[in-house]
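S.K.: Sharing a structure, written as structure tokens. Questions coming.
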Amino acid sequence: MEAPALTIAILAGGAASRLGGRDKGLEPVGSRPLIEWVLDYCVELVAGDAGSQQPARDVELLIIANRNLEDYARYAPVRTDVVPGFRGPLAGIASALGAATATRVLTLPVDCPAPPKDLWTRLLAAMDGTQARGVVAHDGERRQPLFALYARGLAESARDGVAAGQGAWEWQDSIGAVEVDFSDRRQQFHNLNTPEDFAAYADVVRPRD
């Protein structure tokens with residue numbers, strides 16, 4: 001069987017301290033948990049059809065989580081962080097790179113329901129154009145370290161970074177990751193962190209829910 005062209009890894013392993021410790025991905029937005037909004041985005045990203053509920057066959061979908069594994073497994077294969085506990089996003093990235101079967105791995109955080117629709121194509125163009133092993137979105141004000149595309153061969157480097165106590169940003173610098181300008185899409189990197197964020201976003205999407 002041919003390997004998929006792309007692995008999409010949804011990073012859902014955070015501690016969600018600003019949400020009272022509740023699991024962000026399973027927190028409701030409107031009538032559905034947040035993870036379903038992100039999955040809809042993934043389907044549209046690779047297939048252009050948000051109604052199919054399945055990504056294209058040449059795309060592998062993974063969810064990286066530390067708890068509620070059975071709940072997440074209803075949606076896609078689940079992997080846990082390479083180091084037990086809440087060790088930060090780099091542990092999730094390392095887990096995704098280690099579990100992926102595609103040669104390129106796109107990471108997305110579970111707390112952003114509607115990233116730019118051209119995220120994948122622009123990151124891919126930047127990777128091909130620069131021959132970088134990692135490319136990461138920059139919204140014009142700051143790097144968005146969890147919206148990134150990597151070569152799968154970085155799995156060992158990411159694991160070493162976790163062991164050394166590096167954060168995602170520091171590790172990305174160490175591998176020479178190239179920032180890709182998304183200043184024209186800045187608002188689409190908005191993430192949900194607090195109960196107020198969830199309530200406000202639910203009010204926006206409720207007419208379409």
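S.K.: Taking the DSSP beta bridges in the range 72-206 as the whole, what percent of them are antiparallel, to the nearest 5?
M.R.: Given both bridge residues lie in the range 72-206, the antiparallel proportion sits at roughly 70 percent.
S.K.: Something else: Take each of the peptides 64-74, 94-104, average the number of other beta-carbon atoms within 10 Å over its residues, and list them starting from the highest.
M.R.: Going by the mean number of other Cβ atoms within 10 Å, highest first, we get 94-104, 64-74.
S.K.: On the first, second and third principal axes, largest extent first, how far apart are the outermost C-alpha atoms of the chain in Å?
M.R.: Extents along the principal axes, in whole Å: 43, 41, 35.
S.K.: Specify whether the C-alpha gyration tensor of the range 129-209 places it in the rounded, prolate or oblate class, a ≥ b ≥ c being the square roots of the eigenvalues: rounded for a/c under 1.5, otherwise prolate if a/b is larger than b/c and oblate if not.
M.R.: Prolate shape, in that a/c is at least 1.5 and a/b is the bigger ratio.
S.K.: Find out how many positive minus negative residues lie around residue 157, taking Lys and Arg as positive, Asp and Glu as negative, among other residues whose Cβ is under 15 Å from that of residue 157.
M.R.: -1
S.K.: Using a 1.4 angstrom probe, figure out how much accessible area the chain has per residue, in square angstrom, rounded to the nearest whole.
M.R.: About 47 Å² of surface per residue is accessible.
S.K.: Let me ask something else about it. Given +1 on the Cβ of Lys and Arg, -1 on the Cβ of Asp and Glu, and no further charges, what dipole in debye does the range 138-209 carry about its Cα centre, rounded to the nearest 20?
M.R.: Roughly 200 debye for the range 138-209.
S.K.: Explain nothing, just the number: relative contact order of the chain, from Cα pairs under 8 Å at least 6 residues apart, as a whole percent.
M.R.: The value is 25 percent.
S.K.: Express in Å², to the nearest 10, the accessible area of residue 142 obtained by rolling a 1.4 Å probe over the protein heavy atoms while all chains stay in place.
M.R.: Here the residue's solvent-accessible area equals roughly 110 Å².
S.K.: Ignoring any ligand, DNA or RNA, what whole percent of the accessible area of the chain comes from carbon and sulfur when the probe is 1.4 angstrom?
M.R.: Of all accessible area on the chain, carbon and sulfur atoms account for 48 percent.
S.K.: To one decimal place, what Kirkwood hydrodynamic radius in Å is obtained for the range 141-185 from all pairs of distinct Cα atoms?
M.R.: Evaluated on the range 141-185, it is 11.5 Å.
S.K.: Residue farthest toward the positive end of the dipole of the chain, with Cβ of Lys/Arg at +1 and Asp/Glu at -1: which of 95, 135, 151?
M.R.: 95
The values are calculated or read from the model by the stated rules, or taken from the named source; none is laboratory data. For clarity, every value in this text was computed on a predicted model and none was experimentally measured. Here the Cβ is made from the backbone with ideal geometry for all residues, glycine too, and neighbour counts use every protein chain on show. Each accessible area value is taken on the protein alone, full model and side chains, heavy atoms only, with ligands, DNA and RNA left out. Shrake-Rupley method; radii C 1.70, N 1.55, O 1.52, S 1.80 Å.
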